[in-house]
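Participant: I have a structure here, written as structure tokens, and I will follow up with some questions on it.
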Amino acid sequence: MGSAYSTNKSAMTNTVETIDEKKQYLADQKAALQRARSASLDASAEAVPELTADVCNKWDKDLEQLARLILTNNDPIATLKRRDAVIDDEKVFNVNLKGTGDKGQYPGPRVNQASSGRCWLFATTANVLRYNVIEVLKLGDFQLSQSYLYFYDKLEKANFYLETMLELVDEPIEGRLVSFLNQAPVNDGGQWDMAYNVVEKYGIIPHALYPDAFSATASSRMNWVLTAKLREFALDLRKLSKTASKEQLAKVKASQMREIYQTLCITLGTPPKNDDKLTWNYYDKENKFHSWSGTPLEFYDQFGKRKGMDPKDSFSLINDPRNEYGKLYTVKRLGNVWKGPNVRYVNAPIEVVEDAVIAGIKANTPLFFGCDVGKFSESKNGIMDTRLYDLGAAFGYELKMDKAQRLITGESSATHAMVITAVHVGEDGRPIKYKVENSWSKDRGEDGWFMMTAEWFRGFVYQVVVPRSIVDKKWVKVLDQEPIALEPWDPMGALA
């Protein structure tokens, strides 16, 4: 777009004036500033013998004109940021995880998912399970390999998709179900139960044993190739299903999966197998040398679990006001490991979810949660606050839909997963704000940390993963129910 320009057609045979984009940008900015100064000068043009309420009211109106000019020439939402909200949202908390250092932070680097949708794996491995490993091995700077699970999640999702397409060969290919499933067969995103599935099957390993390749940090090109090939494979299976036996179809699918595996190895690098014997040399926080040998599954069993924080004992507590509380929900056709455990949600009032978070932090448990991060948030300062932007000042109205209405209309869903590591509780015992560990590098927020107000939590947090031990048994018993299956396109099936 920057190379396009307009000119008089008759003059084109003689000369063409090229446009310097930077120069033009600066010129536009200068012109906007001059207009703003002009508006300011006009506002004070008439003499003011004495300061009265009427004079101040007139100045206020002139200031509104200047504000409109500023909004026209800048990002209107960013411009409407309330300075008082930023000042109020200090990152100080009175209930923190144990074993943290300065400002309630655990040791280790702030992680960066870069240009990928791996936040749910970062929230699981880099932030939740990492705390277990750090505590057990008494480590300082440490990080688990997100790419290790990313590789096997992609492989499992590809298999899940092809198996699903075999089950749906009699469904119309342009029907809603098949069309929806064809949209993103190997989406980067996922859910806690999907992370649990691959962790249980493949284990975990230190980041040093399988670091990020280019396509792990910038996944769009790899995903394009995988998605196109999988759709092609699905069409082949659909066609073959008319004449081939189940055994023949299984052989064809196995051949297809070999190609997907090889593509992943080429783009991400060949990972260790879950039973490979690995050796990891490391220093603890006292700078003492250690060496460990074992398989990824053994590493997970030895260091990824601790009393009260075994992933298999955790479950998703959700707040979905569209649906009945005290019920168990799942989502049709959502998963990664074929025939593995389904995604399960216990739906509860928001107060129950809040209480679980407070109890979790007091029990020294970092908590995975899913939210709609793009609403009323700012990454530069690391703030999630419903008061952050004063829309009424500019537009004369506020956004009034409640949480259920936002879900029903498609205005909101869980788009991002992070980890709660602290909470600030008021004298009444209710939460005021939460400390959040993000996966957008140390350059976003305060060294990678964000602050989330209680009001934002109530409006835009949909899921918190909690240990059974910290929740009232009433809600744990819900897990024994037969789940109510939501449609694949339900917002509760959104992949963070």
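Participant: How about the range 304-354: which trypsin sites (Lys or Arg not before Pro) there lie in a loop by DSSP and see at most 11 other Cβ atoms within 10 Å? Don't jump to the answer; show the numbers that get you there.
Facilitator: Details: sites: K305, R306, K307, K312, R322, K327, K332, R333, K339, R344; in loops: K305, R306, K307, R322, K327, K332, R333, K339, R344.
Qualifying residues, ordered by number: K307, K339.
Participant: FRET efficiency for D60 and R387, Cβ-Cβ distance as r, R0 = 22 Å, nearest 0.05?
Facilitator: On the way: r = 22 Å, r/R0 = 1.00.
Computed FRET efficiency for D60 and R387: 0.50.
Participant: If you don't mind, another one. Between Y397 and D276, what's the calculated FRET efficiency when r is the beta-carbon distance and R0 is 60 Å? Round to 0.05. Write down the numbers at each step before the final one.
Facilitator: Values: r = 59 Å, r/R0 = 0.99.
The calculated FRET efficiency here is 0.50.
Participant: Counting only residues 5 or more places away or on other chains, whose amide H sits under 5 Å from the amide H of I383 once H atoms are built in the peptide plane?
Facilitator: E378, M451
Participant: Be a star and scan the range 127-152 for residues whose amide nitrogen sits under 14 Å from the point 7 Å along the Cα-to-Cβ vector of A213.
Facilitator: 147-152
Participant: May I pose another question? Neighbour counts of other C-beta atoms within 10 Å: give me I432, I358 arranged from fewest to most.
Facilitator: I432, I358
Participant: DSSP loop trypsin sites (Lys or Arg not before Pro) in the range 429-496 with at most 16 other Cβ atoms within 10 Å of their Cβ, which ones?
Facilitator: Working: sites: K433, K435, K442, R444, R458, R468, K473, K474, K477; in loops: K442, R444.
Here the trypsin sites (Lys or Arg not before Pro) that fit, given the DSSP loop and packing criteria, are K442.
Participant: Give the order of D75, D284 when sorted by the count of other beta carbons within 10 angstrom, beginning with the fewest. Let's see the in-between values first.
Facilitator: On the way: D75 9, D284 14.
The fewest-first ordering by Cβ neighbours comes to D75, D284.
Participant: Just want the ordering: Y283, Y462, from fewest to most Cβ atoms lying within 10 Å of their own Cβ. Numbers along the way, then the final one.
Facilitator: Values: Y283 13, Y462 24.
Fewest-to-most Cβ neighbours within 10 Å comes out as Y283, Y462.
Participant: Something else about it: Starting from the Cα of R306, move 7 Å in the Cα-to-Cβ direction to define the label point; list residues of the range 350-388 whose amide nitrogen is under 20 Å from there.
Facilitator: 357-369
Participant: Now, a different point. Using 5 Å bins from zero, what percent of all Cα-Cα pairs in the range 321-409 falls into each bin?
Facilitator: Over the range 321-409, the share of Cα pairs per 5 Å bin runs 3, 9, 12, 17, 20, 17, 12, 6, 3, 1, 0 percent.
Participant: Label points 7 Å out from Cα along the Cβ direction at S293 and I432: separation in nm?
Facilitator: A separation of 5.4 nm, rounded to one decimal place.
Participant: A follow-up question, please. Rounded to the nearest 20 Debye, what is the dipole magnitude of the range 95-493 about its Cα centre when Lys and Arg each give +1 and Asp and Glu each give -1 at the C-beta? Working shown, then result.
Facilitator: Working: 51 positive and 50 negative charges, 126 e Å.
For the range 95-493, the charge dipole is close to 600 debye.
Participant: Once phi is turned into ³J(HN,Hα) by the Karplus curve 6.51 cos²θ - 1.76 cosθ + 1.60 with θ = phi - 60°, what whole-Hz value does each residue of the range 352-359 show in order, with x for glycine and proline?
Facilitator: Here the 3J(HN,Hα) series is 5, 5, 4, 4, 5, 5, 4, 5 Hz.
Participant: Along the range 205-212, what does the Karplus equation 6.51 cos²θ - 1.76 cosθ + 1.60 (θ = phi - 60°) give for ³J(HN,Hα), rounded to whole Hz, x for Gly and Pro?
Facilitator: 9, x, 4, 4, 8, 7, x, 5
Participant: Contour minus end-to-end for I484 and V95, with contour as 0.36 nm per residue of separation and end-to-end as the Cα-Cα distance? Kindly include the intermediate steps, with their values, before the conclusion.
Facilitator: Details: separation 389, 0.36 × 389 = 140.04 nm, distance 3.58 nm.
Separation in residues times 0.36 nm, less the Cα-Cα distance, equals 136.5 nm.
Participant: Let me ask something else. I need the trypsin sites (Lys or Arg not before Pro) found in the range 168-263, filtered to DSSP loop residues with at most 16 other beta carbons within 10 Å of theirs. Before the final figure, lay out each step's value.
Facilitator: Numbers: sites: R176, K201, R221, K229, R231, R238, K239, K242, K246, K251, K253, R258; in loops: K242.
Within the range 168-263, the qualifying trypsin sites (Lys or Arg not before Pro) (loop, at most 16 other Cβ atoms within 10 Å) are K242.
Participant: Moving to a separate point now. Karplus couplings for the range 401-409 from phi (6.51 cos²θ - 1.76 cosθ + 1.60, θ = phi - 60°), rounded to Hz, Gly and Pro as x?
Facilitator: In residue order, the calculated couplings are 5, 8, 4, 5, 5, 5, 5, 5, 8 Hz.
Participant: Enumerate the amide H contacts of G140 below 5 Å, restricted to partners 5 or more residues apart or on another chain; note that Pro and chain-start residues carry no placed amide H.
Facilitator: Under 5 Å from the amide H of G140: K285.
Participant: Toward the positive end of the charge dipole of the range 392-462, about the Cα centre and with charges on Cβ (Lys, Arg +1; Asp, Glu -1), which of M452, L407, G396 goes farthest?
Facilitator: L407
Every read-out reported here was derived from the displayed coordinates using simple, explicitly stated rules and does not represent laboratory data. Not measured: the values here are computed from a predicted model. Cβ atoms come from the backbone with ideal geometry, glycine included; neighbour counts cover every protein chain shown.
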